[in-house]
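Here is the structure we will look at, set down as structure tokens.
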Amino acid sequence: MSGALEDTRFSRRSFLGRGAVGVGAAAAGSLFGPELARAVPRRRLSTTAVTVMDNGEFTDAYIKDFESKNPNISINRIQFDPAKFQALMAAGTPPDLWRTQAALVPQWAKRGQLLPLDKYFAQSDLIHVGDLLPASNYYRWDGKHIGKGPRYGMVKDWSPDETVFINLDYLKGVKGAEIPGPTDKWTYDDLWTLASKIKKAKKPHWTLDVANAYTWIDRQIMAMLAAKGKTLYPSDFSHINITNSPEAIKVISYLFKYAQAKMDLGPENPNPDGWSGPGFVAPKGTVAMTQYGYWFGGDLIGNAAATKRSRMLPAPIWDGGKKVDPTITATGFVISGQTKNADAAWAVFEYYMGGFPARDRAGQGWGVPAQRSLFDRLPSTNPFQKNNNKVLLHELPVSNVILQFNPNLVGLGDTTAVAAAYLKYLPDAVKGKQSFKSFLKNIQNDSNRAIQQGANG
Amino acid sequence: MATEANARSAVVTRKPRRRASFRRRETLAFYGFVSPWLLGFIFLGLLPIIAGFLISLSNFNGLNLRGYTVGGVHYRGAHYIGFGKYVRAIHDPYFWHSLETTGKIALIVIPLGIVVQIALALLLNSGVKMLGFWRTMFFLPFVIPVVAKAFMWKAITDQDGGLLNRIIGFAGGSRHIDWLNGHPTSLLIMFLVWGGAGLGMLIFLAGMKSIPEELYEAARIDGAGRIRSFRSITLPLLTPVLMFQVVTGMIVVSSMFQEPLLLSPNMQAGLGTYVPTGTHVFNIEALQQIMVTGDWGYGAAEIWLFVPILLLITAIIFFSGKLWVYSGSEQYK
């Protein structure tokens, strides 16, 4: 008995020996991973792992559902972290798929870092190119233009982003304050007048959120310039047009007025939440208006009080200008050009963009679906949603403008060098420490330096 | 005779071989023991430092590790471009401003922090009741994660209804001080001093406990009061600890970036967040050059330009220490 017991015990020598074998195997596994995988019989290692980096919208429930339907593919979801993403990209080992926004796509497409997906789209049963709305064209790049050429991804959802949401409580008792109906025409000057009246009468701390507290200010300027038929960059993307463009100066002057009047959520009048979403759902509603798209309604939908007191308004236009209402975010997914599991990555992409998650998202009103066929799923049960849909249908025909984001601007966060320069110089300009002319010149110089650097590499 | 001589020579030759073998084993053991640290230093310290220097001489932007061809035009990958980034940084007022901001904050935070730490240590060393409780309370801010601390401070210093403004209002001051935006430097300084007070207090307290009680007794017999005892015994004997705290304070301030970022009024843009000029420290400047504008070379050049400045300051602190740090000999004055 005792002999048998002794046999089952680990002696110090055998423990160390087995431990060394274990450590050695682990080390060899990590050093020779791919080789080992090839050497081991296929039956044991037949699952392909696809790495997805997103902000948590690719939920565990979706992953479980996908893996149950595709037992040979496993999803390894990584929470988006700019530093981690930067490191992965810099090292040339990006995730297989990642969530992104339209403004960031051209920089990768230009550098051949994205996988062209046309052949996959052509074979797909879930996603049909003819069913895609124009917003997905932001994920196309032909070497010179955004919106043409191969498809490198598509939007997961989007919205005409120049529309405005207002907290109606801030209108009560404001003399002469009028808001447009869902299909009415109104101008940027009307918006300024309305904001000024609200500010004067109600003194909200934050009257209007423009471009996500300016972090997307370059996109906002591009959209406002598009309404004037102008662009922020020339067709070769070699520089930025600010001081040499009367239209750009006019657009920035218009936006600057809000900062000077402390109506915005900029660095000179910061909001602790960083954007207007929480301010709209807060019990008292701390933000009066926000210039976001249809998707913002999805952010409010879970809060009955917020939906009751909020209303979506159409996008303003310039006096004498044409109506355009492009998306400035167009959030979607791309697949890395360096993926070793292209087919499996596409399977994940296809599921998320055309399968159950796409239908699920459309039903939540969290943005306009990428496909026309999902439109009938948009929520339309209460007056708030019905109004949103009315505004949306009116805006859709003018939402097909594709803004030409500069592929020479390299940056992996949402904020580009242009927006960073705007935020950097705005406080001094508002305080009068630098003139408006210097403010524009400084933004232009910083932006051009970043563009030139990106153009060469 | 010949056999005896052979035997002797065998003995003679065997001994050094044993010694050599022992020494070799000792050497191997030494390298075996230090190799984890050495490998860690090489791969996680030395190589990144070298890589950082090489990046500062290149046009690397985080995406162009390899070359690529677009429309028949070939773009080279990251390559050597000389010292242009250094020249640009030297002429960039925002780089110098960030250094100035870092220096100003260090000049206030380090001395103020030390005063607070010594004061707390003296308080706890004066025979206060529930010493363990107070020690824990003062040390607590140090163990709270910086993110939690920052959000707590944002709530405390909120312009509308923050605790700090309420206290100031109760004392007759303004209830609506915009700390986040109007006084970002003061806010950051308070935050750093508060956050570091617990650890510094413990270190000073340990230093005070190690001072022999006989010295105080002798001073009392000689008629010295508390202030005189502190000035002539406690403080001089604490100078090695003071030196340590000055050096670690320098390290903390020169490597800080999370605190100004987290305490900025608007954190929406993550690493691209606008950080007020009063707290736009050197690390924020370099980090944003890399993360926001993708100018890795410029960010790395800024970091490398900071290195000689930091070395100079460290050298001054160390050499000045000969004048004021008590080392247990007559050097003490």
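Laboratory data are not the source of any read-out in this text; all were calculated from the coordinates shown. Since the structure is predicted, the reported quantities are computational estimates derived from the model, not experimental observations. When we count neighbours, we look across all protein chains shown, and the Cβ atoms used for this are built from the backbone with ideal geometry, even at glycine.
How much length is gained if the chain between B:Arg23 and B:Glu214 is pulled fully straight, taking 0.36 nm per residue apart and subtracting their Cα-Cα distance, in nm to one decimal?
Difference between extended and current length: 64.0 nm.
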Worksheet entry | Cα centre as origin, Lys/Arg/Asp/Glu Cβ charges: the protein assembly as shown dipole, Debye | 1560
Worksheet item: How far, in degrees from 0 to 90, does helix A:217-226 lean away from the longest principal axis of the Cα atoms of chain A, to the nearest 10?
Response: 60
Worksheet entry | Cβ-defined net charge surrounding A:Thr415, 12 Å radius [Lys, Arg +1; Asp, Glu -1] | 0
Worksheet item: Could you give the distance between the Cα centres of segment B:202-256 and segment A:264-282, to the whole Å?
Response: 47
Fill in: Full-stretch length increase - B:His79, B:Phe41 - with 0.36 nm per residue and alpha-carbon distance subtracted
11.0 nm
Practice prompt. Straight distance only, please: which lysines reach the Cα of B:Lys322 with their own Cα at less than 19 Å, same-chain residues fewer than 8 apart left out?
Written response: B:Lys333
Worksheet item: Once Lys and Arg get +1 and Asp and Glu get -1 on their Cβ, which of B:Ala224, B:Trp37, B:Gly272 lies farthest toward the positive end of the dipole of chain B?
Response: B:Trp37
Worksheet item: Just going by the charge dipole of chain A, with Lys and Arg at +1 and Asp and Glu at -1 on Cβ, which of A:Val281, A:Pro383, A:Asn55 is farthest out on the positive end?
Response: A:Val281
Practice prompt. Give the residues of segment B:209-231 whose amide nitrogen is closer than 14 Å to a point set 7 Å from the Cα of B:Leu131 in the direction of its Cβ.
Written response: B:209-213
Fill in: Estimated distance in nm for a label pair at B:Lys322 and A:Lys284, the labels positioned 7 Å out from Cα along Cα-to-Cβ
6.3
Worksheet entry | Cα-based convex hull volume of segment B:203-264 per residue, rounded to whole Å³ | 96
Worksheet item: Label-point separation (nm) for B:Ala224 and A:Thr59, each offset 7 Å from Cα along Cα-to-Cβ?
Response: 7.0
Response to the item:
Rg from C-alpha atoms of the protein assembly as shown, normalised by the globular rule of thumb 2.2 N^0.38 Å, equals 1.16
Worksheet item: For segment A:63-80, in order, what is each residue's ³J(HN,Hα) by Karplus, 6.51 cos²θ - 1.76 cosθ + 1.60 with θ = phi - 60°, in whole Hz (x at glycine and Pro)?
Response: 4, 4, 4, 4, 5, 5, 8, 10, x, 8, 10, 10, 9, 10, 8, 10, 5, 5
Worksheet item: Distance from the Cα centre of segment A:160-226 to that of segment B:99-165, in angstrom?
Response: 42
Response to the item:
Taking a crude spin-label model, label points 7 Å out from Cα along the C-beta direction, the B:Asp160 to A:Thr47 distance in nm is 5.0
Worksheet item: What number, rounded to the nearest 500 deg cm²/dmol, is the helix-based mean residue ellipticity at 222 nm of the protein assembly as shown, given -39500 (n - 2.57) per DSSP H run of at least four residues and division by all its residues?
Response: -16500 deg cm²/dmol
Item to complete: Determine the distance separating the Cα centre of segment A:309-363 from the Cα centre of segment A:42-119; give it in Å without decimals.
Response: 16
Item to complete: List, in the order given, every pair from A:Lys284/A:Lys386; A:Lys119/A:Lys144; A:Lys228/A:Lys262; A:Lys172/A:Lys386; A:Lys84/B:Lys85 whose Cα-Cα distance in the structure shown is over 30 Å.
Response: none
Item to complete: Give, as a single signed number, the net charge of other residues whose beta carbon lies under 13 Å from the beta carbon of B:Phe53, with Lys and Arg counted +1 and Asp and Glu -1.
Response: 0
Worksheet item: For the charge dipole of the protein assembly as shown, defined by +1 on Lys and Arg C-beta atoms and -1 on Asp and Glu C-beta atoms about the Cα centroid, which residue among A:His394, A:Gln291, A:Gln113 has the Cα displaced farthest towards the positive pole?
Response: A:Gln113
Response to the item:
Hydrophobic long helices for chain B, i.e. whole DSSP H runs reaching 20 angstrom or more by Cα along the axis with Kyte-Doolittle mean at least 1.0, come out as B:93-124, B:184-209, B:235-254, B:296-324
Discussion item. Multiplying the sequence separation of B:Val34 and B:Thr314 by 0.36 nm and subtracting their Cα-Cα distance, what value in nm do you get?
Written reply: 98.1 nm
Worksheet item: Normalised by the residues of segment A:260-414, what does the relative contact order come to in percent, with Cα pairs under 8 Å and at least six apart?
Response: 25
Discussion item. Ratio of alpha-carbon Rg to the 2.2 N^0.38 Å globular estimate for chain A, to two decimals, please.
Written reply: 1.14
Discussion item. How big is the dipole moment of segment B:206-333 about its Cα centre under a simple scheme where the beta carbon of each Lys and Arg is +1, that of each Asp and Glu is -1, and everything else is neutral? Debye, nearest 20, please.
Written reply: 440
